[in-house]
Amino acid sequence: MNRNFLKNSLSALMVSLSLLTSSPHALAQTYKEVEWIELMPKDDLDALLNPPEYLNEITDGSEQDTLDALGNIEATDKQAKRYQSALESKAVIESFDGENIRLPGFVVPLENNEEQKITEFFIVPYFGACLHMPPPPPNQMIFVRSAEGIELESLYDAFWFEGTVRIKTMKNELGTAAYTLELANMTSYEN
């Protein structure tokens with residue numbers, strides 16, 4: 001093999017690596033785009049997609065439309081028991097721990113700072129989650145703590161959230177999250 005060819009190839013590789021590592025885009029973090037259902041074990045998803053018949057008799061927003069009321073209904077068959085269990089499931093997908101993800105969702109404010117920026121919040125998959133009962137299952141809620149806080153003009157606004165997922169349960173009077181997110185970026189969903 002030609003020694004000059006090897007030397008030139010090695011030099012070209014070194015220049016390419018140098019350019020790659022000095023480029024600001026090369027150092028930018030990449031995030032895997034995920035869907036909410038990927039955060040939930042398949043058996044929980046199957047249970048939630050096959051609700052028991054008695055739920056058709058409950059009026060939205062009524063006194064019976066809460067997790068507590070649902071828990072008081074005597075689940076007599078296996079399907080109803082599994083559905084109730086999935087509504088409160090903290091079962092997670094372990095492979096997400098430490099994963100850099102990008103996920104769409106809505107903000108449910110929990111705490112504000114003096115500047116009225118939101119410093120603690122849940123990310124939820126749909127508008128009104130936690131504000132209207134029942135809240136999503138814990139494996140469909142993500143807790144975020146932001147030291148600098150975020151500004152929110154409207155609860156109706158959807159966002160893209162990017163950051164590192166951790167498996168850690170966080171409980172609040174509005175709900176329980178089975179995941180936390182070390183927030184890196186938050187942008188409008190429309191962008």
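The values are calculated or read from the model by the stated rules, or taken from the named source; none is laboratory data. These figures come from a predicted structure and were not determined experimentally. Quick reminder, even Gly has a Cβ in these numbers, built from the backbone with ideal geometry, and neighbours come from all protein chains shown.
Considering each residue of region 82-98 in turn, at least one proves to be surrounded by 13 or more Cβ atoms within 10 Å (Cβ to Cβ), touching a Lys or Arg at 6+ places or on another chain (Cβ under 8 Å) and either within 28 Å of Asn50 (Cβ to Cβ) or in contact (Cβ under 8 Å) with a residue 60 or more places away in the chain (or both). Would you confirm whether or not region 134-142 contains a residue that is part of a strand (DSSP E or B), modelled with pLDDT of 95 or more and in contact with a Ser or Thr (Cβ under 9 Å, 6 or more places away or on another chain)? Within region 134-142, one or more residues are part of a strand (DSSP E or B), modelled with pLDDT of 95 or more and in contact with a Ser or Thr (Cβ under 9 Å, 6 or more places away or on another chain).
Selection of region 164-175 for residues being at negative phi and either touching a strand residue (DSSP E or B) at 6+ places or on another chain (Cβ under 7 Å) or part of a strand (DSSP E or B) (or both) yields Thr164, Val165, Arg166, Ile167, Lys168, Thr169, Met170, Lys171, Asn172, Leu174. Within region 140-191, being of a type in the set (Val, Ile, Thr) and surrounded by 12 or more Cβ atoms within 10 Å (Cβ to Cβ) holds for Ile142, Val144, Ile150, Thr164, Val165, Ile167, Thr169, Thr176, Thr180.
Just one of Leu27, Leu19 is part of a helix (DSSP H, G or I) and either in contact with a helix residue (DSSP H, G or I) (Cβ under 6 Å, 6 or more places away or on another chain) or modelled with pLDDT under 95 (or both); which is it? Going through Leu27, Leu19 in turn, just one is part of a helix (DSSP H, G or I) and either in contact with a helix residue (DSSP H, G or I) (Cβ under 6 Å, 6 or more places away or on another chain) or modelled with pLDDT under 95 (or both): Leu19. For Asn50, the criteria (1) at pLDDT 85 or above; (2) surrounded by 14 or more Cβ atoms within 10 Å (Cβ to Cβ); (3) more than 24 Å from Phe106 (Cα to Cα) hold in every case but one, which is (2). What are the residues in region 135-191 that are of a type in the set (Ser, Thr, Tyr) and within 14 Å of the chain's Cα centre (by Cα), if any? Correct list: Thr164, Thr169, Thr176, Tyr179, Thr180.
When residues of region 62-114 are filtered for being in a helix (DSSP H, G or I), at pLDDT 95 or above and aromatic (Phe, Trp, Tyr), how many remain? Of the residues in that region, 1 qualify. Between residues in region 145-157 that are farther than 20 Å from Pro125 by Cβ and residues that are of a type in the set (A, V, I, L, M) and modelled with pLDDT of 95 or more, which pairs lie under 6 Å by C-beta distance while being six or more apart or on different chains? Listed by first residue and then by second, the contacts come to Gly149/Ile118.
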